[in-house]
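No value in this document is a laboratory result; all are computed from the given coordinates. Since we're looking at a predicted model, the values are computed, not measured. In this analysis, Cβ positions are derived from the backbone assuming ideal geometry, glycine residues included, and neighbour counts consider all displayed protein chains.
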Amino acid sequence: MFSVSILLKEGKKAVLLLNLAQNQCSEKPYFMGLRISLPNYKLNIVMRTKNFFAPTVMGLAILFTSFSQAQEADMRKAKLKAESTVETAVVEVGGAAMYPTKNIVENAANSEDHTTLVAAIKAAGLVETLQGEGPFTVFAPTNDAFAKLPEGTVENLLKEENKADLSAVLTYHVIAGKFDAKAVLAAIAEGQGKAELTTVNGATLTATLEGDAVTLVDGNGSKATVTIADALQSNGVIHVIDAVVLPGAKP
């Protein structure tokens, strides 16, 4: 008698048990029983043959084909799960989660560190724009960043008569397109140490590396450092910075 017993355990580790007993004096045919169990896949085979090599080869072929298909399916699921995790990673800013399913204004409004920025966006009439399809890359100054400006600057910019000036400052913090940290670093490397970023304002920001931190140099030579990168949004990405950048004086 020749029999093959196959057991597939959880985790897709295969255990193959072979039991072989042959009566050299017998002319009777051999019988083979083959059972294969996979998640959502079961197969039982009983064979009657005088040649035990044929069913053995066929049984093993079925085993390894089934095992390979199950393994490939699991690998595809694991890859999709990993990609999904990366895409939906949630960054916390100002005590609030920045959900990739929400837009720039919706997320920024929940950050305790960006109440001044949100108030400025509203005063400049940019809410609808930054809630739009985009995508946009926003370098978002914190409340402390605005507090570093000369006394009275913020209050003055928030006045209705200075709406155009406020808009010019805010749009200098916005780039059309989605530039995550990887893209910014690639641009810096391609520019041999610096990247010229054209803002929605029309003026440029210069991105450089100081140690491991990305630093922005504005039109006046002042610097801002990215403190939190890659807060993904449904319509772009936010990078938090520790200073307000300002376009240089027009010639």
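Which entries in the list Lys182/Lys223; Lys122/Lys223; Lys122/Lys182; Lys102/Lys122; Lys102/Lys148 go over 23 Å, if you measure between the two C-alpha atoms of each? Going by Cα-Cα distance, Lys122/Lys223; Lys122/Lys182; Lys102/Lys148 fall outside the 23 Å limit. Put in line by how crowded their Cβ is, counting other Cβ atoms within 10 Å and starting with the fewest, Tyr99, Tyr172 read Tyr99, Tyr172.
Would you mind calculating the relative contact order of segment 157-251 from Cα pairs under 8 angstrom and at least 6 residues apart, reporting the percent as a whole number?
23
Remind me, relative contact order of segment 116-179 in percent, using alpha carbon pairs under 8 angstrom and six or more residues apart? Relative CO of segment 116-179 lands at 52 percent.
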